[in-house]
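K.L.:
Before anything else, here's the structure in question.
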Amino acid sequence: MKNQKILLFSLIALLFISACSIQSKVKCANGEEVNHIKKCQEEIEKVAERFARFWEQKDYALMYNMFIPELQKIKSKEDFIETLEFEEKERNVVVRFDKVSKDNDTTAYVYYTITSSLFNSRAPAMKLEFRDSDWRVDAFATYFNEDIKKVKRNAKVLEFIKKATEFRSKSTEISRDSLYTLKLFNIRADSEYCIDFGSQALRTKDIIEEYQKLDVPTEFSKVHSLELEAYNFSYNMNMETKAYCDVVITNEHGMSYEIIKEALQHLNNAQKFDNLTLNRTLEAQALLKSLNASIFQDTITK
């Protein structure tokens, strides 16, 4: 009798387990049977489309919520948002969901076409994993592992170098005209060689004012200071040369000893400022070369 009760209990338990197993199966719209409604193809597609919409709308906070926990442990939501806002600020994309391919019961791959004003291309397959009763995204690892503070610093450095190079080119063009004239003055002091040094000085002044507004990385502050000095010396050189020309032109029909002395003083001052401009420029270039080498080395070793 006791054995019969045990057998009966075992049979009931077996039937119960079987019933639960049968009840846990879900039939998807496409006829597929899975053990969770969210594992149906159409449910995976909804997740993929939702992620595409957040991506396209630059809703990085909601994007972050869809990633697997392992990625979220690497970078906080705030840092992820900062990273995407910086990296994607110049890019407005249209994310078109193409298809989902299920690899197995807990893994699927999503395919998108990414379009912007500059390109139209298929994105690499994006992995989805079924975690904690939902599909989570395992992608964007580059952005999660990226040191956004370092990226921003490097971008700031490159922008400074680019702008500084532009200003240097403008200043060189002005100096080339002025230096040529100074050399001619050493051969023959004549108003014939006087160009509009007042205009040259004003152009240099514009460079100085714009150069002072640059967002200077801390490590480039000395370069900025040296080049600013060089531009100021260049400005003074042009002003002294203008003063020399003014004296020569005003007195071109005859100059007394004192006037000649005054003119030569302006010319000597101009040459002095020219030498100072060259010295500061060479100092700045040497320091810049050293910094560039250091930054490159830092980039490849970290």
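K.L.:
Find the centroid of the Cα atoms in segment 195-218 and in segment 64-105, then give the distance between the two in whole Å.
P.N.:
When both Cα centres are located, 44 Å separates them.
K.L.:
What ³J(HN,Hα) values, in whole Hz, does the Karplus curve 6.51 cos²θ - 1.76 cosθ + 1.60 give for segment 101-114 when θ = phi - 60°, with x put for Gly and Pro?
P.N.:
10, 6, 8, 7, 5, 10, 9, 9, 10, 10, 10, 10, 10, 9
K.L.:
Write down, largest first, the equivalent ellipsoid semi-axes of segment 25-145 in whole Å, where each equals the square root of 5 times an eigenvalue of the alpha-carbon gyration tensor.
P.N.:
In descending order, the three semi-axes are 26, 17, 11 Å.
K.L.:
What spacing in nm lies between the two simple spin-label points modelled at Thr165 and Asn104, each 7 Å away from Cα in the Cβ direction?
P.N.:
That separation, rounded to one decimal, is 5.1 nm.
Any read-out appearing in this document is the output of simple, stated calculations on the displayed coordinates, not a laboratory observation. Given the structure is predicted, the values throughout are model-derived calculations rather than measurements. Cβ atoms come from the backbone with ideal geometry, glycine included; neighbour counts cover every protein chain shown.
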